[in-house]
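Comments concern the structure below.
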Amino acid sequence: MIGHRMPECLDLIGRIQPKLRQVFMTESRVLISASSGTGLWEGAIRNTVNKKVLNCVNGAFADRWREVTELNGKANEVLEVPWGQPILPEMVVERLASGEFDAVTIVHNETSVGTLSPIAEIAAAIRALPNGEEIMILIDAVSGLSGARLEFDAWDLDVALTSSQKAFALPAGLAFAAVSDRAMAKAKTVPNRGYYFDFITLDKSLQKNQTPATPAISLLFALDQQLSDMLAEGMENRFARHLAMRDRTIAWGQQHGIELFAPPGYESPTVTCFSNNLGLDISALNRFLRSRGMIISNGYGSKLKDKTFRIAHMGDLQMQDMEELFAALDEYLAGVQ
């Protein structure tokens with residue numbers, strides 16, 4: 001352990017920052033927070049909204065960001081589609097056309113339902129609006145970034161945030177947010193940004209390779225190594241590996257007549273959500289898998305528990321890991337049929 005004001009820590013953050021930018025595909029700063037992604041939800045809202053937010057909701061985490069918006073006292077409207085469906089460009093611009101919004105929140109890869117929304121197309125449609133350059137495009141990329149393609153600069157986003165514990169394959173406790181110059185300029189006009197997640201303060205410290213408050217230093221060492229490993233693999237190879245694992249997972253489900261929850265063309269590269277149309281006892285299934293050193297996830301929340309289940313294929317997982325899981329699942333299914 002080292003002190004967070006020691007030169008060694010400044011060197012550590014100095015090594016991390018350019019690598020984070022490569023992963024986010026940005027020339028902008030990537031803020032580092034000792035929190036979960038939930039903290040940066042709050043930061044994005046508190047720093048970039050003066051007027052009104054359009055919260056796009058297609059699953060449990062998108063709905064929670066809506067809740068965070070309201071708890072921070074920001075005016076908002078909700079664009080909600082049936083959970084599991086993607087958010088589409090035409091839906092968003094229809095609601096934004098009134099001109100009363102200055103921010104929109106969208107989850108890139110909705111963890112609860114395994115659905116990927118087309119952020120590049122949505123962002124392009126927003127920017128084409130008469131006031132499109134004034135709208136803050138805020139993206140939750142918690143379970144997608146580094147496993148599912150997200151190009152911060154090319155897609156002209158304002159905030160894209162993620163956490164360490166999903167596709168980064170690190171322990172929980174760190175969160176990152178790429179923030180555009182446009183969003184930084186907006187933050188300077190927003191009162192009551194708070195303290196811990198104030199983008200202006202975070203950026204000022206980052207320019208000195210520091211953080212305003214004590215960071216999770218041990219996790220920064222892990223992040224430094226993991227970023228090097230990710231870039232050594234190559235981001236294109238990493239995206240391809242995630243897509244291959246996703247396609248194999250979908251194929252396994254189809255072999256057993258298990259239906260996908262996400263519609264065709266919008267399947268997440270990092271987590272597959274299946275409808276539980278076979279009526280499996282997910283708790284019993286997980287007790288069996290635990291005996292093999294594995295586990296999958298039940299449906300998230302009261303709306304989806306036991307009605308769906310989720311299989312993750314992200315981070316450091318390899319196809320061999322997926323094959324071991326499918327062999328165990330096949331063994332279980334053979335025993336209950």
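The values are calculated or read from the model by the stated rules, or taken from the named source; none is laboratory data. Every value quoted in this text rests on a predicted model; they were computed, and no experiment measured them. Quick reminder, even Gly has a Cβ in these numbers, built from the backbone with ideal geometry, and neighbours come from all protein chains shown.
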Name the residue, out of Asn298, Asn276, that is crowded, with 16+ Cβ neighbours inside 10 Å and without any contact (Cβ under 8 Å) to a residue 24 or more places away in the chain.
Asn298
For the stretch 248-266, check the following and say yes or no: at least one residue is within 16 Å of Thr111 (Cα to Cα), surrounded by 20 or more Cβ atoms within 10 Å (Cβ to Cβ) and in contact with a Leu (Cβ under 6 Å, 6 or more places away or on another chain).
yes
Please work out if Arg95 is more than 19 Å from the chain's Cα centre (by Cα), in the same structural domain as Arg193 (by TED's automatic domain parsing) and more than 28 Å from Pro212 (Cα to Cα).
yes
Is at least one residue of the stretch 64-73 farther than 25 Å from Gly114 by Cβ and either buried (at least 16 other Cβ atoms within 10 Å of the Cβ) or of a type in the set (Val, Ile, Thr) (or both)?
yes
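Closer than 25 Å to Arg310 by Cα and surrounded by fewer than 18 Cβ atoms within 10 Å (Cβ to Cβ): is that true of Val81 in this structure?
Criteria met by Val81.
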Take the residues in the stretch 239-267 that are among the acidic types (Asp, Glu) and in contact with a helix residue (DSSP H, G or I) (Cβ under 9 Å, 6 or more places away or on another chain); name whichever of them is farthest from Leu333 (Cα to Cα).
Glu267
When the stretch 92-110 is examined, which residues are found to be surrounded by 20 or more Cβ atoms within 10 Å (Cβ to Cβ) and either basic (Lys, Arg) or without any contact (Cβ under 8 Å) to a residue 40 or more places away in the chain (or both)?
Val92
From the set of residues in the stretch 129-144 that are in contact (Cβ under 8 Å) with a residue 40 or more places away in the chain and not in a strand (DSSP E or B), which is surrounded by the fewest Cβ atoms within 10 Å (Cβ to Cβ)?
Glu133
